[in-house]
Amino acid sequence: MREFRYERAADPAAAVALLAGEPAGAFLGGGTNLVDLMKLGVATPDVLVDVRTLTSREVTELADGSLRIGAGVPNADLAADRRVRERWPVLARALLAGASGQLRNRATTGGNLLQRTRCSYFTDVTRPCNKRRPGSGCGALAGLHRNHAVLGQTLDGPGTCVATHPSDMAVAMVALDAVVRVLGPDGERSVPLADLHRLPGDDPSRDTTLRHGELITAIDVPPLGMPSRYRKVRDRASFAFALVSVAAALRVTDGVVADVRLALGGVAHKPWRATAAEDALRGRPATEAEFAAAIDAELAAATPLRDNAYKLPMARNVVVRTLLQLTEGAA
């Protein structure tokens, strides 16, 4: 067993200062992902700084109608919040689609955003993985990659990585234009959630744009004001990661798409905001043919691998079906 030091700070600022001086340290929230990775030998922090009780466990409504969600709010509590269920149902459904009830009781909102890929080559230290050990290669590329990315991958060089981001909640929050509030050694800053996660580029070991020592303290979700839905396709009915998922919101006026939000999960290294599809839909008739053409435009950049090309028709079908249901609901 690898030894590590466990620390508890008095407040968020003290936790940030403590971790900033520990290059191999990590924050510990609910621990539902980090502890598993430590058991597998994938994560080997020298120091764990416990922040579970330091960040807010409250969901607060702001003056402009936004919700401020404390980073310490358990996933189960957020999914059950009446305001979320009524006004942001896409977020409630995404949370309930993730993990199991026991894990949702423990997992925190901030930690959910930072969970790491479940790629079997990443979680098995005997296999090559550029994300875990840069320069060792990507075992999934020529190996088992049925569940892997079709968009935004790096397919050659030292940055080769085809892993997918696992969070359901993050996909919904990207579609909602959520903003992450961060406290770091240099003070506070805000990061649009769409910019929090990154594609592999030349360094797949980095999942996010956060700097070392930066702590997520809250997430702000702005008002939505239109029907929304989250749909997830998976291999079994519960406790399975997405093959493909979609977070969608749609406003239809006189049969025309007035506004739309689309984000995809299970298809890329980060939650994928489908901006090409959104641009293709705004101002167009809300019809099945238009929905299909829009998602086809989004998926035109896809580079599927040997065993995961099925994700393209699956994504097309789930997006079209979800948008049709939102259209029928609005009517």
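The values are calculated or read from the model by the stated rules, or taken from the named source; none is laboratory data. Keep in mind that this is a model prediction, so the values were computed, not measured. Neighbour counts run over all protein chains shown; Cβ positions are idealised from the backbone, glycine included. Heads up: the accessible areas ignore ligands, DNA and RNA and are worked out on the full protein's heavy atoms, side chains in. Shrake-Rupley method; radii C 1.70, N 1.55, O 1.52, S 1.80 Å.
Figure legend. Inter-residue proximity from region 277-291: first residues open to solvent by less than 40 Å² (accessible area, probe 1.4 Å), second residues small (Gly, Ala, Ser), beta-carbon distance below 7 Å, spacing 6+ or different chains. Indicated pairs: 277/294; 277/297; 281/294; 286/255. Selection within region 1-23: residues that are within 21 Å of residue 205 (Cβ to Cβ) and assigned to a loop (DSSP other than H, G, I, E, B). The member of this set that is least open to solvent (accessible area, probe 1.4 Å) is 22.
For the structure I just gave you, tell me whether residue 43 is surrounded by fewer than 15 Cβ atoms within 10 Å (Cβ to Cβ) and more than 12 Å from residue 221 (Cβ to Cβ).
When the stated conditions are applied, residue 43 does not pass them.
Residues that are over 26 Å from residue 311 (Cβ atoms) and open to solvent by 40 Å² or more (accessible area, probe 1.4 Å): does region 137-158 have at least one? No; the residues of region 137-158 include none that is over 26 Å from residue 311 (Cβ atoms) and open to solvent by 40 Å² or more (accessible area, probe 1.4 Å). In region 24-39, is there at least one residue being assigned to a strand (DSSP E or B), over 19 Å from residue 176 (Cα atoms) and open to solvent by less than 20 Å² (accessible area, probe 1.4 Å)? Among the residues of region 24-39, not one is assigned to a strand (DSSP E or B), over 19 Å from residue 176 (Cα atoms) and open to solvent by less than 20 Å² (accessible area, probe 1.4 Å), which makes the answer no. With respect to (1) touching a strand residue (DSSP E or B) at 6+ places or on another chain (Cβ under 6 Å); (2) in a helix (DSSP H, G or I), the lone exception for residue 56 is condition (2). Out of all the residues in region 99-120, is one or more open to solvent by 40 Å² or more (accessible area, probe 1.4 Å), hydroxyl-bearing (Ser, Thr, Tyr), at pLDDT 95 or above and under 18 Å from residue 241 (Cα atoms)? Taking every residue of region 99-120 in turn, at least one turns out to be open to solvent by 40 Å² or more (accessible area, probe 1.4 Å), hydroxyl-bearing (Ser, Thr, Tyr), at pLDDT 95 or above and under 18 Å from residue 241 (Cα atoms).
Residue-by-condition table, conditions (1) exposed (fewer than 15 other Cβ atoms within 10 Å of the Cβ); (2) among the hydrophobic types (A, V, I, L, M, F, W, C); (3) free of Cβ contacts under 8 Å to residues at least 40 places away in the same chain; (4) assigned to a strand (DSSP E or B):
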site	(1), (2), (3), (4)
191	no, yes, yes, yes
202	yes, no, no, no
211	yes, no, yes, no
219	no, yes, no, yes
230	no, no, no, yes
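Looking at 215, 196 in this structure, which one is buried (at least 22 other Cβ atoms within 10 Å of the Cβ) and either without any contact (Cβ under 8 Å) to a residue 60 or more places away in the chain or within 25 Å of residue 319 (Cβ to Cβ) (or both)?
196
Residue 329 satisfies every condition listed in (1) modelled with pLDDT of 95 or more; (2) part of a helix (DSSP H, G or I) except (1). A count restricted to region 232-247 and to residues that are within 14 Å of the chain's Cα centre (by Cα) and outside any loop (DSSP other than H, G, I, E, B) stands at 5.
If you take the residues in region 309-331 that are within 24 Å of residue 147 (Cβ to Cβ), touching a strand residue (DSSP E or B) at 6+ places or on another chain (Cβ under 8 Å) and not hydroxyl-bearing (Ser, Thr, Tyr), which one is most open to solvent (accessible area, probe 1.4 Å)?
First, pick out the residues of region 309-331 that are within 24 Å of residue 147 (Cβ to Cβ): 309-322.
Among the residues that remain, those that are also touching a strand residue (DSSP E or B) at 6+ places or on another chain (Cβ under 8 Å) are: 311, 314-315, 318-319, 321-322.
Right, trim to not hydroxyl-bearing (Ser, Thr, Tyr) and you get 311, 314-315, 318-319, 321.
On the way: 311: 1, 314: 48, 315: 1, 318: 9, 319: 2, 321: 138 Å².
Per the stated criteria, the residue is 321.
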